[in-house]
Amino acid sequence: MDVKPRTIPRSIVWTCLRCRSTAFERSIRGLTGVRVFHEHYLGACYHGEERLQFLEDIPPMPNLKYSDVKRTLEGELADYTGVFAKDFAFALRDRYEYLPDGFHHAFLIRNPKDSLSSLYRLISGGEFPRWADVFPPGVVGFKEMWELYEYLTKVTKIDPMVIDADDIANHPSSMMKKYCDSAGFTYTDDMLHWESLSNYKSLNFDYEGLKWDIWYRKALSSTGFTKPPGDSGDIQSLPDYVQVAIHDAMPYYEKLYKLRVQP
């Protein structure tokens, strides 16, 4: 007789760059017994044998095909009480056949005025010479998040959860409890605080990603969720291509924002 794998709660959070998703992940790491998978679809997109983007002249990594990621996320994990994955919708593109089965889905969004301004400040700091004058194609990510949301609701009949990063920052206990209740995890106050780290390797990611030490400096030095500034600021001082990206992203953000779970 076939023995079915033990059923445990599994949730994947889809987001885009600079949406405070690593802080969200660090909160989840406060849950005992939950296996965390960090950006495996992004790994397939940038580093796998089927990669869709080439940002560095490095050979592809083994076991990072899209089918490998799906199989890994769906795998039997006898020593764990839950599974959490954080990833980017733009990394999946239209390869929806590789979505993991049996998962709760959530979308973590942030106002593009804030997220894309943050992205610009990061890539204009001199450590991303290839990205200095333009965002790499496809990495803004709001359009891809909306397209994935529509696919999940209309094709798979899944009802994803939408969470805004500012709501979490302003109401961390309430919002993380709402997420846990929806995902099937057990909320604890330990999710609201964590230790500051000096190196991303302390988080034991499953593969070596693209310049992770630069991307995660602020999230690693944090010790909890912090409240956002009261205003998104004037974007007129930003380069034209950043303003255009913000303008193009806003309609997708606003659609998702209307669907968000409120504090």
(message) Using amide H atoms built in the peptide plane, which far-off residues or other-chain residues are under 5 Å from D164 H to H?
(response) I109, V261
(request) Quick one: go through region 23-50 and flag any residue whose amide nitrogen is under 17 Å from the point 7 Å out along the Cα-to-Cβ line of S221. (result) 23
(message) I need the peptides 111-119, 190-198 ranked by packing, meaning the mean over residues of other C-beta atoms within 10 angstrom, with the highest value on top.
(response) 111-119, 190-198
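Using a 1.4 angstrom probe on the protein heavy atoms only, could you order T7, T72 from most to least accessible area?
Largest to smallest exposure gives the sequence T7, T72.
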(request) Describe numerically, in nm with one decimal, the distance between label points set 7 Å from Cα along Cα→Cβ at E97 and at H247. (result) 3.9 nm
(request) Tally up the carbon and sulfur contribution to the accessible surface of region 79-198 as a whole percent, 1.4 Å probe, everything protein left in place. (result) 47 percent
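How much of the calculated P(r) for region 4-48 lies past 18 Å, in percent of all Cα pairs?
Looking at region 4-48, the distances longer than 18 Å represent 40 percent of pairs.
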(message) Expected output is a single nm value to one decimal: the length gained when fully extending between S124 and D234, i.e. 0.36 nm times separation in residues minus the C-alpha distance. What is it?
(response) 37.8 nm
(message) Let me spell out the model: positive unit charges on the Cβ of Lys and Arg, negative unit charges on the Cβ of Asp and Glu, origin at the Cα centre of region 20-125. What dipole size does that give, in debye rounded to 20?
(response) 520 debye
(request) Please sort 85-96, 238-249 by packing, taking for each peptide the average over its residues of neighbouring beta carbons within 10 angstrom, highest first. (result) 85-96, 238-249
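The values are calculated or read from the model by the stated rules, or taken from the named source; none is laboratory data. The structure presented is a predicted model; accordingly, all values stated were derived computationally and were not measured. Every residue, glycine among them, receives a Cβ derived from its backbone with ideal geometry; neighbour counts consider all protein chains shown. Side chains are part of the model used for accessible areas, which takes the heavy atoms of the whole protein and leaves out ligands, DNA and RNA. Shrake-Rupley method; radii C 1.70, N 1.55, O 1.52, S 1.80 Å.
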